[in-house]
Every structure is written in structure tokens, then in C-alpha cells.
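Each remark here refers to the structure printed beneath this line.
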Amino acid sequence: MRICSLLPGATEVVAALGLADELVGISHECDYPQEIRRKPVLVRAAIDTAQATSREIDRRVRETLENGDRLYALDEPLFSRAQPDLVITQDLCQVCAITPSQLQRAIAALPKEPRLLTLNPTGLNDVLADVERIGGATGREPEARTLAATLRARLQSVRERVATAERPTVVCLEWLDPLYAAGHWVPEMVARAGGKDPIGTGSAPSKHIAWEQVLAAAPDVLVMMPCGFSATKALRELDRLAVPSRWPGWATIPAVRNGRVFAVDASSYFSRPGPRLVEGVAMLATLCHPSLFGATLPPGVERMPSGNLRAS
């Protein structure tokens with residue numbers, strides 16, 4: 001089977017099912033696992049975000065959409081040469097990846113119409129169900145059921161360990177300038193990790209919030225997870241923003257007072273609907289309950305340096 005996966009999380013599933021060799025095209029954001037990185041890249045972004053600040057990215061995205069332009073372009077000649085039997089895409093967020101409507105012309109030009117599998121997950125159960133959907137579309141149903149069962153067992157293990165623990169208040173910021181509270185599956189991830197999120201709305205898009213809402217929530221744990229950012233890039237952005245002076249009352253927040261402000265690798269464990277969201281739940285559980293899971297920060301998490309927590 002010849003597979004084009006234009007969604008990073010789906011690409012991870014395809015590889016986990018032992019089908020990496022059958023990938024004939026991926027998106028520009030598909031970077032895991034290592035073995036797929038040399039596959040033909042069929043999508044390019046209209047905006048270069050590598051060195052841009054969160055404010056600059058937000059402005060460019062808004063301007064692009066307001067002008068009626070697209071954020072992503074499909075390399076149609078390369079797509080045609082790929083001759084896929086199956087194309088996996090998403091219909092959840094036009095800011096995140098290419099959508100089915102953008103594929104229509106390219107698919108119509110192919111000599112043989114491929115199967116189009118469109119994913120639209122808004123919660124963890126949807127993500128796990130999509131693992132099985134991909135298995136069904138690729139003829140790997142038993143492997144997909146096994147993978148989904150393993151992921152569900154990991155989630156259950158975390159749930160059992162936090163079942164009787166006191167639940168800290170957790171605020172997850174999906175964008176920093178302007179501020180957005182994480183939505184979709186992230187509030188559910190917090191709940192499964194033994195926390196409570198008073199701001200985010202589960203199964204709904206991330207939403208713009210005022211700093212005063214974070215202040216009123218008084219989070220015990222504050223997690224910075226800008227969409228698509230690594231933990232290191234998120235910390236650089238926080239440093240650039242000079243948050244102690246930018247956000248009034250910063251020093252009064254319990255998470256700040258107790259040194260529990262973290263940046264995470266959102267790109268790998270929170271932004272993408274794929275198997276590694278389960279690892280993200282385990283990461284949040286460690287941040288919420290160090291007495292249960294150990295105080296050592298897992299890979300992909302960085303604590304905001306104490307010097308940056310103090311107001312200037």
C-alpha cells in the first residue's frame with residue numbers, strides 16, 4: 001500500500017503499525033519517529049515560524065486568513081508522483097494542517113482515486129479510536145487494536161495512581177502572546193493526570209483569555225505549551241516577554257511562589273492528536289503529583305528558572 005499521511009500524529013500511528021516503509025509522502029511537520037524523516041515532504045507552510053515570536057506568528061496567521069490565503073500548500077506534482085492508495089488528513093483545524101478541501105483538485109487529477117481518511121479528534125477517546133481507524137484503513141487491524149489497548153492501559157495506570165490524591169489546580173497556556181487557554185484534549189489530559197483545569201474547555205478549540213483569568217484561577221501548576229513549540233523555545237519566549245513585569249500579580253500565583261511553572265514540548269506531547277498524548281498525560285501526572293511519580297522532571301519538561309519567576 002502507498003500511504004500519504006499529511007498529519008503528524010497519523011504518521012506516528014502508521015509507523016507504529018509497522019508501515020513506515022509504505023509511506024510515500026508526509027507533511028512538513030512529520031518528524032517522528034526518526035525513520036520517516038527522509039520521506040517526500042508534500043506540504044509546505046506559507047509562514048516561516050522557526051525564528052518568529054508568538055506575537056509575530058499570531059499576526060501573520062491572522063493576516064493570511066483575513067486575506068483569504070491558505071496557510072499550507074500541497075506540492076501537487078510531487079503528490080501526483082506519489083500515486084497514493086490512501087491519504088490521511090484532518091478536518092479539525094485549518095491552522096494546524098492541510099484540510100480535505102485543499103486536496104480535492106490534486107486527488108481528482110490522479111489516474112486512480114485513493115481512499116481519503118479524514119480524522120477529526122477532539123478528545124483522547126477519539127485519538128485512540130483513530131488509531132483503530134488507521135489500522136482498518138491499512139489492513140493492520142490486529143496491530144492497531146493492540147496499540148490502542150496498550151495506550152488505554154497506560155492511561156488507566158495513571159488514573160489508578162492518582163485516584164485518591166488531592167487534585168491541584170492546573171492552567172495550561174497554548175499560546176503566550178496573545179494568551180490562549182488550551183482546549184480540545186488538553187483539559188481531559190489534566191483530569192486524567194489528577195489535576196483540575198478551571199479555564200480550558202474540553203472538546204473545544206483553544207480560546208483567547210485575559211491574564212486576569214489566570215490570576216483568578218490561582219493555579220498550583222502553570223504549564224506553558226505553545227502549540228508547536230519545544231520546551232526550550234517556550235522558555236525563550238517567556239524570557240523575551242519578561243512575564244513577571246508584563247503580567248500584573250505574577251508573583252502572587254501559587255505556582256510561581258512554589259516554583260511549579262513549567263514549559264513542555266508541546267509539539268511532541270500535547271499539540272498533535274497522536275499516541276504520544278498518552279505520554280503527555282504521564283508528564284502532567286508527574287508535575288501534579290511529584291510525591292507519587294517522583295520529583296525528577298521527565299524528558300520534554302523544563303522548569304522555569306527561579307530568576308525568571310521574580311518580578312523585575
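Working carefully through the options SER245, SER267, find the one that is more than 25 Å from GLU212 (Cβ to Cβ), part of a helix (DSSP H, G or I) and in contact with a Ser or Thr (Cβ under 8 Å, 6 or more places away or on another chain).
On inspection, the qualifying residue turns out to be SER267.
What's the total number of residues in region 124-141 that are surrounded by fewer than 20 Cβ atoms within 10 Å (Cβ to Cβ), touching a residue at least 60 places away in the same chain (Cβ under 8 Å) and within 17 Å of ARG276 (Cα to Cα)?
Looking only at that region, the number is 1.
Within region 144-162, can you find the residues that are surrounded by fewer than 19 Cβ atoms within 10 Å (Cβ to Cβ), touching a residue at least 24 places away in the same chain (Cβ under 8 Å) and farther than 14 Å from GLU279 by Cα?
The answer is ARG161, and nothing else.
Evaluate region 37-59: report whether one residue or more is under 18 Å from VAL13 (Cβ atoms), loosely packed, with under 15 Cβ neighbours inside 10 Å and not aliphatic (A, V, I, L, M).
yes
Okay, residues lined up against (1) within 18 Å of the chain's Cα centre (by Cα); (2) farther than 23 Å from GLY136 by Cα; (3) β-branched (Val, Ile, Thr); (4) in a strand (DSSP E or B):
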position	(1), (2), (3), (4)
VAL13	yes, no, yes, no
GLU29	yes, yes, no, no
ILE47	no, yes, yes, no
ARG60	no, yes, no, no
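Only residues that are assigned to a loop (DSSP other than H, G, I, E, B) and crowded, with 18+ Cβ neighbours inside 10 Å: list them for region 178-209, please. Even if it seems obvious, please write down each step before you answer.
Initial filter on region 178-209 (assigned to a loop (DSSP other than H, G, I, E, B)): 178, 182-183, 185, 193-195, 197-201, 203-206, 209.
Within region 178-209, ALA182, GLY183, TRP185, ALA193, GLY194, GLY195, ASP197, ILE199, GLY200, SER206, ILE209 qualify.
Quick note: the coordinates plus some simple rules give every number you see, no bench work behind them. Keep in mind that this is a model prediction, so the values were computed, not measured. Every residue, glycine as well, gets a Cβ built from its backbone with ideal geometry; the counts of neighbours run over all protein chains shown.
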